[in-house]
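Undergrad: Let me give you the structure first, and then I'll get to my questions.
Where a number appears in this text, it was derived from the coordinates with a stated rule and is not lab data. Please read all numbers here as calculations on a predicted model, not as lab measurements. FYI the Cβ positions are ideal-geometry reconstructions off the backbone, even for glycines, and counts take in every protein chain you see.
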């Protein structure tokens, strides 16, 4: 065997389906990374009466997202596709837009609720191709991501109640 030649991927998912799934996961990766960056920014810059609570909570959230982006990128690689990894790629692929300036704490919370819900919608949008291809590993990843982001959005939203 020639060590310079790659070995064909034979995991029971057709190449065209693997590519299509990886494209969807690339959007999920971009949304997750953009939300990670936004959350980290808010962690650094939050002020006001909820400072301590939000500072600690945002750190927990961005730490979890840092792990998540690695898991998503590695799934893309396992499907035999290169994972996007530049700001240019993420800006092109993400549904979450960059926030200019430093918003007030309650606006930060609203933006993060929207961000988490955006990630959920992106993950959910990939399901049809994942299910059709019989890609249980990607389906499991998507289910876990949706569950976590739905819970996080709920918890953040509860901070806005009077």
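Undergrad: Taking segment 125-135 only, how many residues are free of Cβ contacts under 8 Å to residues at least 40 places away in the same chain and either surrounded by 13 or more Cβ atoms within 10 Å (Cβ to Cβ) or within 25 Å of residue 47 (Cβ to Cβ) (or both)? Spell out how you get there, then give the answer.
TA: So in segment 125-135, the residues free of Cβ contacts under 8 Å to residues at least 40 places away in the same chain come out as 127-128, 131.
Cutting the leftovers down to either surrounded by 13 or more Cβ atoms within 10 Å (Cβ to Cβ) or within 25 Å of residue 47 (Cβ to Cβ) (or both) gives us 127, 131.
The total comes to 2.
Undergrad: Can you tell me which residues in segment 97-123 are loosely packed, with under 14 Cβ neighbours inside 10 Å and either assigned to a helix (DSSP H, G or I) or on the phi > 0 side of the Ramachandran plot (or both)?
TA: Scanning segment 97-123 gives 101, 106, 107, 121.
Undergrad: Give just the number: which of (1) outside any helix (DSSP H, G or I); (2) buried (at least 18 other Cβ atoms within 10 Å of the Cβ); (3) in contact (Cβ under 8 Å) with a residue 60 or more places away in the chain does residue 141 not satisfy?
TA: (1)
Undergrad: Yes or no: segment 86-94 includes at least one residue that is surrounded by 15 or more Cβ atoms within 10 Å (Cβ to Cβ), under 22 Å from residue 15 (Cβ atoms), in contact (Cβ under 8 Å) with a residue 60 or more places away in the chain and touching a helix residue (DSSP H, G or I) at 6+ places or on another chain (Cβ under 6 Å).
TA: Yes, some residue in segment 86-94 is surrounded by 15 or more Cβ atoms within 10 Å (Cβ to Cβ), under 22 Å from residue 15 (Cβ atoms), in contact (Cβ under 8 Å) with a residue 60 or more places away in the chain and touching a helix residue (DSSP H, G or I) at 6+ places or on another chain (Cβ under 6 Å).
Undergrad: Sticking with this structure for a sec: Can you pull out the residues in segment 143-159 that are in contact with a helix residue (DSSP H, G or I) (Cβ under 6 Å, 6 or more places away or on another chain) and over 14 Å from residue 28 (Cα atoms)? Spell out the reasoning first.
TA: Within segment 143-159, the first condition is being in contact with a helix residue (DSSP H, G or I) (Cβ under 6 Å, 6 or more places away or on another chain), and the residues that meet it are 145-146, 149-150, 152-153, 156-157, 159.
Those that are in contact with a helix residue (DSSP H, G or I) (Cβ under 6 Å, 6 or more places away or on another chain) and over 14 Å from residue 28 (Cα atoms): 150, 152, 153, 156, 157, 159.
Undergrad: Scan segment 106-124 residue by residue and report those that are in contact (Cβ under 8 Å) with a residue 40 or more places away in the chain and closer than 16 Å to residue 23 by Cα.
TA: Initially, segment 106-124 is screened for residues in contact (Cβ under 8 Å) with a residue 40 or more places away in the chain, giving 106, 108-113, 115-116, 118-119, 122-123.
The answer is 119, 122, 123.
Undergrad: Which residues, taken from segment 44-72, are farther than 24 Å from residue 146 by Cα and crowded, with 21+ Cβ neighbours inside 10 Å?
TA: Result: 46, single match.
Undergrad: Could you please find all residues in segment 76-92 being part of a loop (DSSP other than H, G, I, E, B) and farther than 16 Å from residue 16 by Cβ?
TA: Kept after step one, since they are part of a loop (DSSP other than H, G, I, E, B), are these residues of segment 76-92: 79-86.
Within segment 76-92, 82, 83, 84, 85, 86 qualify.
Undergrad: Please determine, by comparing only the residues of segment 12-48 that are in a loop (DSSP other than H, G, I, E, B) and in contact with a helix residue (DSSP H, G or I) (Cβ under 8 Å, 6 or more places away or on another chain), which one is farthest from residue 71 (Cα to Cα). Don't jump to the end; show me each part of the working.
TA: In the first step, residues of segment 12-48 are kept if they are in a loop (DSSP other than H, G, I, E, B); the result is 12-14, 46-48.
Now drop any that are not in contact with a helix residue (DSSP H, G or I) (Cβ under 8 Å, 6 or more places away or on another chain), which leaves 13-14, 46-48.
Numbers: 13: 19, 14: 22, 46: 28, 47: 32, 48: 34 Å.
Among residues in segment 12-48 that are in a loop (DSSP other than H, G, I, E, B) and in contact with a helix residue (DSSP H, G or I) (Cβ under 8 Å, 6 or more places away or on another chain), the one farthest from residue 71 (Cα to Cα) is 48.
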